[in-house]
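Single-structure report; data block below.
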Amino acid sequence: MNGIQAVIAVNEGKSVQYYDYEDNAWLSFDKKTGFRLGCLLGEPNHHGHIAKFRITPSFILINGIKVPAPLQEEPSSPINYWWFNPQKPNGIATGKWLDDHEDHAIFENIGIYLEESDVAQVRDAYRSNMRDLVND
């Protein structure tokens, strides 16, 4: 999500985060967070980084393992996304949201993520659970 989308999401009452490159962490973003207009429009900051924003992730449990929840709302623009696919060697598939039948099927039946690292946690929890089932 870009800076303008982040501001709109905050105005809609959604919880938003921005990535702080100095702390290597996602921090809360709200109306009081100080960002230059240029940074919100995608210009690099004084360190050369482009601001990254996201809806604060919610979490689900997979057999007791806390993992990020998939997106709760369908994307409104063409963006890259990832989903868990056990048929892939690394367990992760990627696509671009084109608002077509396949995108809707994946969103509704599997769940999509905007960060590959989030779906990697889902994959790892699934694999851990499968190992536990085999070892019982």
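Here Glu22 meets the list (1) loosely packed, with under 15 Cβ neighbours inside 10 Å; (2) touching a strand residue (DSSP E or B) at 6+ places or on another chain (Cβ under 6 Å) almost entirely, failing just condition (2).
Please go through region 87-125 and give me each residue that is polar (S, T, N, Q) and closer than 22 Å to Asn63 by Cα, ordered by number.
The first filter runs over region 87-125 and keeps only residues polar (S, T, N, Q), leaving 87, 90, 94, 109, 117, 121.
Result: Gln87, Asn90, Asn109, Ser117, Gln121.
Whether any residue in region 35-43 is modelled with pLDDT of 85 or more, of a type in the set (Lys, Arg) and either within 24 Å of Asn11 (Cβ to Cβ) or surrounded by fewer than 17 Cβ atoms within 10 Å (Cβ to Cβ) (or both) is what I want to check. Please lay out each step first, then the result.
Restricting attention to region 35-43, the residues satisfying the condition of being modelled with pLDDT of 85 or more are none.
No: region 35-43 contains no residue that is modelled with pLDDT of 85 or more, of a type in the set (Lys, Arg) and either within 24 Å of Asn11 (Cβ to Cβ) or surrounded by fewer than 17 Cβ atoms within 10 Å (Cβ to Cβ) (or both).
Could you please give the count of residues in region 100-127 that are among the small types (Gly, Ala, Ser) and loosely packed, with under 12 Cβ neighbours inside 10 Å? It would help to see each step written out before you state the result.
So the first thing to find is which residues in region 100-127 are among the small types (Gly, Ala, Ser), and the list is 105, 111, 117, 120, 125.
This time we only want the ones that are loosely packed, with under 12 Cβ neighbours inside 10 Å, so: 105, 117.
Final tally of qualifying residues: 2.
Look at region 81-98: where a residue is over 16 Å from Asn109 (Cβ atoms) and a partner is of a type in the set (Phe, Trp, Tyr) and in a strand (DSSP E or B), sitting 6+ places away or on another chain with Cβ atoms under 6 Å, you get Ile92/Trp82; Thr94/Trp82. Hey, can you tell me all the residues within region 24-49 that are in a loop (DSSP other than H, G, I, E, B) and either closer than 25 Å to Leu71 by Cα or in contact with an Asp or Glu (Cβ under 9 Å, 6 or more places away or on another chain) (or both)? Those that are in a loop (DSSP other than H, G, I, E, B) and either closer than 25 Å to Leu71 by Cα or in contact with an Asp or Glu (Cβ under 9 Å, 6 or more places away or on another chain) (or both): Asn24, Asp30, Lys31, Thr33, Arg36, Leu41, Gly42, His47. Contact map, region 60-80: first residue closer than 16 Å to Glu116 by Cα, second residue of a type in the set (D, E, K, R) and in a strand (DSSP E or B), Cβ cut-off under 8 Å, separation 6 or more or different chains; pairs are Ile79/Lys96; Asn80/Lys96. Of all residues in region 58-80, those being surrounded by 17 or more Cβ atoms within 10 Å (Cβ to Cβ) and closer than 23 Å to Glu12 by Cα number 4.
The values are calculated or read from the model by the stated rules, or taken from the named source; none is laboratory data. From a predicted model like this one, the values you see are computed outputs, not experimental measurements. Positions of Cβ are generated from backbone atoms using ideal geometry, with glycine treated the same way; all protein chains shown enter the neighbour counts.
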